[in-house]
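A short worksheet on the structure shown next.
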Amino acid sequence: MPNIYFVDDEPAIRDSVQQAMLIEGVMITCFPNAVEALQCIDTSQAGIVVTDIHMPVMTGIEFTQQLLEKNAHFQVIVLTGHGDVQTAVSAMKAGAYDFLEKPFAIDKLQTAIQKATDKLDLMQENVLLRKELDMQTHVGPKLLGQSPSMVKLRRDLVALNPTQDNFMLLVGDTGTGKRITAQYLHDLHHPYDSELYALAAHELPAHNETEFKQFFFQRLSKPQIGTIYLYQADILTVQQWTWLTDLKLECNECATSVIIAIHTPPTTFHSEFRRFDLLPLCERKEDIRILFKHFARSAASRYQLPPPTITEEEIQQLTNKSWSENIKQLRQHAELRALKPSDLSGLNCLASDEQKSLNQRIDLFEQTLLIEVLHRYHGRLKDVQLELQVSRKTLYDKLKKHQLDKTNFKNG
Ligand SMILES: Nc1ncnc2c1ncn2[C@@H]1O[C@H](COP(=O)(O)OP(=O)(O)OP(=O)(O)O)[C@@H](O)[C@H]1O
């Protein structure tokens, strides 16, 4: 429910409206005149104002104009005399949303407030949608995904008030998108030329409170730093969490945000921070299609290759995998897929769920690199050999090992 204000110079009306609304479970704040209302209403957050027209010092119409100058999203309902059409018209011209004839029944006031609340919700929803849309066309990273959790996450990030919630927790397994979410948050709420400063938790002083706080303050006070991104924070000690919680209180009005990325939130301190959860990919399988296609197409464009044709059957197979390393692993798989010529069968597709060991990862990297360079030189082994600075024999051995045939790369 938004904040609701009632302005009328007659104490009896103020009291009866306040009591009647309270019985209905609606809290309203009353003011005896427009001047006091303008001084006290927090205009940073749009609400609903019900105001009498005929008041000493400042009329309801002047009040409406001044209030809307401060925040045009306020919904104003004016109280006019019976049959006073002229005043109602003037009030609407001044920007009022609705009018109510005095004397009014309380249920009429309730209906008018409900309508104004719906309008305010709609306007705020539009503002958020526009901001979200702007983010999807801005040059920074995009948070893709249409699963309910991703849609909600984007909406919550857009709606966040960074002056209230400047210390945040991003909770998610490896590769679920903590870093990209931090960048997205930073781009949303901080000046274009400010930066996200990434800091590994092990770099923080661990034994001395003053050193710990000074370390932070030095960075928090740099105007070009908009966000401190503290990653690998699972290693933080209870003591460091206590200091971070103190810092949060001390930095109440700080312009810099602190985002703490963590796999599992600490048991005691998590409620101190605004928390956002990034679900593992297996719990938002509907995002696999859009992410995979996006990564594969971006990789193809980067390597100047035609965009790969990804079949429905392939998407089904991808959706059925478990993706233990989440989007990071999906991306690796998609990039390899973009590099893989369509007629290349039997390729060792190592980016699967079982790909875990160091050797397997090195193999995958080697395979990806070879495919990329073979593509670039259309299968001309001499150029590949020169670029990778390997002997002819080594190159042949590697191609054999990865079952790569130069003729598959002739046409790009
Ligand atoms: N919603 C998303 N839309 C587009 N790309 C994404 C999304 N989520 C993650 N990615 C991409 O997936 C990869 C892994 O994401 P990121 O590095 O942010 O994960 P992380 O949770 O910080 O990983 P780790 O815990 O291993 O450090 C990155 O390449 C990132 O750009």
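Size descriptors for the stretch 355-412 (Cα atoms only): Rg and Dmax, in that order, 11.3, 34 Å. Pairs of Cα atoms in the stretch 38-96 fall into 10 Å distance bins, from 0 up to the last occupied one, in shares of 25, 57, 17, 1 percent. Taking amide H positions as modeled 1.01 Å from N, with prolines and chain starts lacking one, the residues under 5 Å from S257 and 5 or more places away or on another chain are T227, I228.
Does a label point 7 Å from the Cα of T267, set along Cα-to-beta-carbon, have any residues of the stretch 217-247 with amide nitrogen under 17 Å, and which are they? Answer for this model: 234-242. Using a cutoff of 8 angstrom between alpha carbon atoms and counting only pairs six or more residues apart, the relative contact order for the stretch 148-279 works out to 43 percent.
Based on the convex hull around the alpha carbon atoms, the stretch 71-213 presents an average projected area of 14.5 nm². The helix-only estimate of mean residue ellipticity at 222 nm for the chain, built from DSSP H runs of length n ≥ 4 each weighted as -39500 (n - 2.57), is -15000 deg cm²/dmol after division by the residue total. With unit charges on the beta carbons (Lys and Arg positive, Asp and Glu negative) and the dipole taken about the Cα centre of the stretch 1-125, which residue among A12, A88, G60 sits farthest to the positive side? In the stretch 1-125, that residue is A88. For the chain, the Cβ-based charge dipole about the Cα centre amounts to some 2720 debye (Lys, Arg positive; Asp, Glu negative; other atoms uncharged). Between E312 and L22, the simple label model (points 7 Å from Cα in the Cβ direction) yields a spacing of 6.2 nm. Averaging Cα coordinates gives a centre for the stretch 368-393 and one for the stretch 180-259; these two points are 44 Å apart.
Neighbours of E132 by Cβ distance under 15 Å: Lys/Arg scored +1, Asp/Glu scored -1, total +2. Size descriptor for the stretch 281-339, Kirkwood hydrodynamic radius: 11.3 Å (Cα pairs only, one decimal). A straight chain from L129 to V89 at 0.36 nm per residue would run longer than the Cα-Cα distance by 11.2 nm.
Placing +1 on each Lys and Arg Cβ and -1 on each Asp and Glu Cβ, with no other charges, gives the stretch 188-263 a dipole about its Cα centre of roughly 40 debye. Projecting the Cα atoms of V49, C30, N126 onto the dipole axis of the stretch 4-126, where Lys and Arg carry +1 and Asp and Glu carry -1 at the beta carbon, places N126 farthest toward the positive end.
Cross-link partners of K142 among lysines, defined as those whose alpha carbon lies under 17 angstrom from its own and excluding same-chain residues fewer than eight positions apart: K131, K152, K178, K293, K328.
Pairwise Cα distances in the stretch 272-311 exceed 12 Å for 67 percent of all pairs. For the pair E286 and D15, a Förster radius of 56 Å applied to the C-beta separation gives a FRET efficiency near 0.55, rounded to the nearest 0.05. Model label points for K119 and K382, set 7 angstrom from Cα along the Cα-to-Cβ axis, are 7.7 nm apart. Take the Cα of L249, step 7 Å toward its Cβ, do the same at E211, and the gap between the two points is 2.4 nm.
Here the chain carries DSSP beta bridges of which approximately 0% are antiparallel, counting only pairs with both residues inside. Across the stretch 4-126, counting alpha-carbon atoms alone, Rg and Dmax equal 13.2, 38 Å.
For the chain, the longest principal axis of the Cα atoms and the long axis of helix 288-302 meet at an angle of about 60 degrees.
With angles folded into 0 to 90 degrees, how steeply does helix 11-23 sit against the dominant principal axis of the chain? Use alpha carbons for both and round to 10. Rounded to the nearest ten degrees, it is 40.
Each of T394, P148, P2 was scored by the projection of its Cα onto the charge dipole of the chain, and the greatest displacement toward the positive side belongs to T394; charges sit on the C-beta of Lys, Arg, Asp and Glu. The Cβ shell under 15 Å around G83 holds other residues with a net charge of -1, Lys and Arg each +1, Asp and Glu each -1. Taking all Cα pairs closer than 8 Å and separated by 6 or more residues, the relative contact order of the stretch 4-126 comes to 22 percent. If you plug the beta carbon distance of Q66 and A198 into 1/(1 + (r/R0)^6) with R0 = 45 Å, you get a FRET efficiency near 0.50. Taking every alpha-carbon pair within the chain, the share separated by more than 27 Å comes to 66 percent. For the stretch 150-244, the calculated P(r), taken from all Cα-Cα distances in 10 Å bins from zero up to the bin holding the longest distance, is 14, 46, 34, 7, 0 percent. Basic side chains Lys and Arg get +1 at the Cβ, acidic Asp and Glu get -1 at the Cβ, and with that the dipole of the stretch 355-412 about its Cα centre reaches some 160 debye. Counting beta carbons within 10 Å around each of F269, F104 and listing the fewest first gives the order F104, F269.
Quick note: the coordinates plus some simple rules give every number you see, no bench work behind them. The shown structure was predicted, so the numbers you read here are calculated from the model rather than taken from an experiment. Backbone-built Cβ (ideal geometry, glycine too); neighbour counts: all protein chains shown.
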